[in-house]
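As structure tokens, the structure follows; a few thoughts come after it.
The values are calculated or read from the model by the stated rules, or taken from the named source; none is laboratory data. Note that the coordinates shown come from a computational prediction; the quantities given were computed from them, not determined experimentally. Neighbour counts run over all protein chains shown; Cβ positions are idealised from the backbone, glycine included. The area values use the complete protein model at the heavy-atom level, side chains included, leaving out ligands, DNA and RNA. Shrake-Rupley method; radii C 1.70, N 1.55, O 1.52, S 1.80 Å.
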Amino acid sequence: MPEQQPYEAEPAIAGTGMGGAIDLAASEATTLERTPGAPEGRGPGGGGPAGKPRSLWSDAWRDLRRNPVFLLSALVILFLVLISIWPSAIASGNPLQCDLAKAQDGAGPGHPFGYDGQGCDVYTRTVYGARTSVTVGVLATLGVSVFGSVLGALAGYFGGLWDAVLSRVTDIFFAIPVVLGGLVLLSVVTSNTVWPVIGFMVLLGWPQISRIARGSVITAKQHDYVQAARALGASDTRILLRHIAPNAVAPVIVVATIALGTYIALEATLSYLGVGLKPPSVSWGIDISAASPYIRNAPHALLWPSGALAVTVLAFIMLGDAVRDALDPKLR
């Protein structure tokens with residue numbers, strides 16, 4: 001019998017990039033197929049296993065970490081949250097303790113912001129006022145987001161009569177001026193807590209979130225994966241919670257983040273007009289209203305709470321803009 005020749009690997013064919021081809025050994029062809037600089041087991045981008053794309057949320061978080069606007073606004077908001085929870089950490093005084101003998105006095109040792117028209121320490125009241133503003137903004141945003149998202153998702157998913165009725169109701173609420181509505185509805189409330197103000201904001205704020213959620217759900221339910229889930233017999237509840245909600249929640253998050261700053265400004269506006277929070281509650285709006293008559297003699301009593309309000313609202317709006325840029329693929 002003739003001696004069997006050892007097996008030799010057939011040469012592989014690799015393109016030259018100029019219309020021709022060259023013969024390569026199998027080991028050399030395998031080396032060419034790898035992306036230069038990419039470790040074994042990684043895709044061409046080196047960002048994860050080969051063939052496993054990154055999700056929208058991971059891409060958004062990566063972009064947010066590199067965005068200086070997001071980092072700056074997040075630091076400001078984190079500081080506001082901390083002093084809202086522990087205001088005594090940086091302000092040891094009592095915001096309700098006033099001394100008329102020091103009314104309208106300027107800055108002094110231990111009182112860097114001076115005193116207001118009632119002899120109250122402006123610095124202490126400004127620090128404690130952050131708690132009210134952040135509490136109202138966060139709770140109102142949560143209420144508006146949950147209530148509006150549920151109604152909008154149901155209308156967008158089921159359509160029909162439910163969608164038509166909800167659309168007409170939202171049009172009616174959009175026609176109500178927010179400040180005028182607050183003057184009418186809150187003028188009959190005697191409570192000094194934040195709950196009437198939060199309830200009013202939820203009552204007039206849900207239509208915007210509802211309309212955003214409705215449009216997102218209508219877009220998401222037309223995708224192939226939703227049709228496939230329905231064909232496999234998935235219930236409406238499972239389709240809404242497992243397939244549609246995760247892919248339709250991004251626009252709601254963006255709008256809610258920006259609206260949070262708006263609700264803080266709205267609370268200050270209503271308190272300034274005397275229909276929001278009322279003394280002895282501590283609020284930036286109350287302090288701005290009380291300091292307005294003394295703007296010539298004691299401008300510091302007006303400037304500090306006004307500046308704190310402006311910085312807070314600006315921080316939340318900047319955060320919302322950064323989140324919008326990160327979650328919107330069209331802006332990449």
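Structure notes:
- Taking the protein heavy atoms of region 262-325 in the context of the full set of protein chains, the accessible area attributed to carbon and sulfur is 68 percent at 1.4 Å.
- Taking a ≥ b ≥ c as the square roots of the eigenvalues of the Cα gyration tensor, region 122-174 is classed as prolate, since a/c reaches at least 1.5 and a/b is larger than b/c.
- Charged-residue dipole, Cβ positions (Lys, Arg, Asp, Glu), region 176-332 about Cα centre, Debye nearest 20: 360
- Converting phi to 3J(HN,Hα) with the Karplus coefficients 6.51, -1.76 and 1.60 and the offset θ = phi - 60°, region 284-297 yields 4, x, 5, 5, 5, 5, 5, 8, 4, x, 10, 5, 6, 8 Hz in sequence order, with x at every glycine or proline.
- Taking all protein chains together, Val282, Val311 sort by accessible area into Val311, Val282, largest first [probe 1.4 Å].
- From phi via Karplus (6.51, -1.76, 1.60), per-residue ³J(HN,Hα) for region 133-138 in Hz, x at Gly/Pro: 5, 5, 4, 4, x, 5
- Percent carbon-and-sulfur accessible area, region 95-139, ignoring ligands, DNA and RNA, probe 1.4 Å: 56
- For Cys120, the amide hydrogen comes within under 5 Å of the amide hydrogens of Asp99, counting only partners 5 or more places away or on other chains and with H modelled in the peptide plane.
- Computed from backbone phi, the HN-Hα couplings of region 84-94 come to 6, 7, 10, x, 5, 5, 10, 9, 8, x, 9 Hz, rounded to whole numbers (Karplus: 6.51 cos²θ - 1.76 cosθ + 1.60, θ = phi - 60°; Gly and Pro given as x).
- Accessible area per residue for region 90-226 is 49 Å², calculated with a 1.4 Å probe on protein heavy atoms, without ligands, DNA or RNA.
- Taking all protein chains together and rolling a 1.4 Å probe, Val252 ends up with roughly 10 Å² accessible.
- For Gly276, residues with placed amide H under 5 Å, excluding near neighbours: Ser271
- The candidates Val81, Val127, arranged from most to least accessible area with a 1.4 Å probe in the full protein assembly, appear as Val81, Val127.
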